[in-house]
1. Output the qualifying pairs, or none if there are none: Cβ atoms under 8 angstrom, residues six or more apart or on different chains, first residue in region 98-114 and in contact (Cβ under 8 Å) with a residue 60 or more places away in the chain, second residue surrounded by fewer than 23 Cβ atoms within 10 Å (Cβ to Cβ) and among the basic types (Lys, Arg).
2. Of all residues in region 108-129, count the ones that are in contact with a strand residue (DSSP E or B) (Cβ under 7 Å, 6 or more places away or on another chain) and within 23 Å of residue 16 (Cβ to Cβ).
3. Scanning region 31-71 for residues that are assigned to a helix (DSSP H, G or I) and at pLDDT below 85, which turns out nearest to the chain's Cα centre (by Cα)?
4. Any residue in region 137-148 that's touching a residue at least 40 places away in the same chain (Cβ under 8 Å): show its pairings with residues that are crowded, with 18+ Cβ neighbours inside 10 Å and hydroxyl-bearing (Ser, Thr, Tyr) at Cβ separation under 8 Å, as long as the two are six or more apart or on different chains.
5. Would a scan of region 72-91 turn up a residue that is within 21 Å of residue 22 (Cβ to Cβ), among the hydroxyl-bearing types (Ser, Thr, Tyr) and modelled with pLDDT of 90 or more?
6. Being of a type in the set (Ser, Thr, Tyr) and more than 17 Å from residue 141 (Cβ to Cβ) is true for just one of 50, 25. Which residue is that?
7. What is the residue count in region 100-125 for residues that are more than 18 Å from residue 72 (Cβ to Cβ) and crowded, with 19+ Cβ neighbours inside 10 Å?
8. Taking the options 160, 174, 179, 136, name whichever one is at pLDDT 95 or above, of a type outside the set (Asp, Glu) and either surrounded by fewer than 16 Cβ atoms within 10 Å (Cβ to Cβ) or in contact with a Pro (Cβ under 6 Å, 6 or more places away or on another chain) (or both).
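The values are calculated or read from the model by the stated rules, or taken from the named source; none is laboratory data. These numbers were taken from a predicted model, which means no experiment stands behind them. All Cβ positions, even for glycine, are placed from backbone atoms using ideal geometry, and neighbour counts span all protein chains on display.
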Amino acid sequence: MIYSLSEIDATCKKAARGSGLSWGYAEEAGKAARWLAAHQLPSTELLAAYLTERQKNAEHYQGSNPKCPLLVGASLCDAGYDGVEQSIKINHVVYPLLLLPYLTQLSQATSAGLNLHWLGTNISCLEGVIYIQENASIATSELTEVSCSYLESGVSLNKALIQEKGVLGQSVEASDWQALESLAHLTYVPATEESRRGAGPAD
């Protein structure tokens, strides 16, 4: 079924909160999923799988390994240009594609091209355009080492992926949407007799 970008954003935000992330990080996760969906890249399926794992293994994900791509991405954006400097390597990252929306945001904020690489995949972002030069493992969930670096001035890039005009949504598997809604449901306050009092049509 096709869901709108707004629906993807809102549901992924609530699901991220339901998995244990703070509302601030959850909001950024929703925006990241929306960005990926707008570019017709794997989005809800990756976030559904990752957030489900995170919620079921909360203690495991509170340590430094594996590293959360959502928290790492937000940290890089917060650090700005100095956070990347020339090149950094991030060990033990899962679902590395979830880093891309954050790196694109950083690229635009610093007006500099950035390159994101892990085994089998190489993606660059420059002036709002995404260049996918290798994508053999673009949707991997495996632990991997990710490198991030600024592009040298004058670098030549090809195989651009440009956001399609008029993209309003993305097709989502029913199982992925159900997983996201199950996590989102954890943010809802259970109804009580007090909350029900006064509900319904007025006399």
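1. From region 98-114, the pairs are 101/31.
2. Going residue by residue through region 108-129, those that are in contact with a strand residue (DSSP E or B) (Cβ under 7 Å, 6 or more places away or on another chain) are 112-125, 129.
If we keep only those that are within 23 Å of residue 16 (Cβ to Cβ) too, we end up with 116, 118, 123, 125.
Counting residues in region 108-129 that are in contact with a strand residue (DSSP E or B) (Cβ under 7 Å, 6 or more places away or on another chain) and within 23 Å of residue 16 (Cβ to Cβ) gives 4.
3. Applying the first criterion (assigned to a helix (DSSP H, G or I)) to region 31-71 yields 31-38, 44-56, 58-61, 69-71.
Retained after the next criterion (residues that are at pLDDT below 85): 58-61.
Numbers: 58: 18, 59: 21, 60: 20, 61: 16 Å.
Checked region 31-71; the qualifying residue nearest to the chain's Cα centre (by Cα) is 61.
4. As it stands, the answer is 138/121; 140/95; 140/121; 141/50; 141/95, since those pairs meet every condition given.
5. Looking for residues that are within 21 Å of residue 22 (Cβ to Cβ), among the hydroxyl-bearing types (Ser, Thr, Tyr) and modelled with pLDDT of 90 or more, one finds none in region 72-91, hence no.
6. Numbers: 50 fails: more than 17 Å from residue 141 (Cβ to Cβ).
Exactly one of 50, 25 is of a type in the set (Ser, Thr, Tyr) and more than 17 Å from residue 141 (Cβ to Cβ), namely 25.
7. Of the residues in region 100-125, 2 are more than 18 Å from residue 72 (Cβ to Cβ) and crowded, with 19+ Cβ neighbours inside 10 Å.
8. Values: 160 fails: at pLDDT 95 or above; 179 fails: either surrounded by fewer than 16 Cβ atoms within 10 Å (Cβ to Cβ) or in contact with a Pro (Cβ under 6 Å, 6 or more places away or on another chain) (or both); 136 fails: at pLDDT 95 or above.
Only one candidate passes the filter, namely 174.
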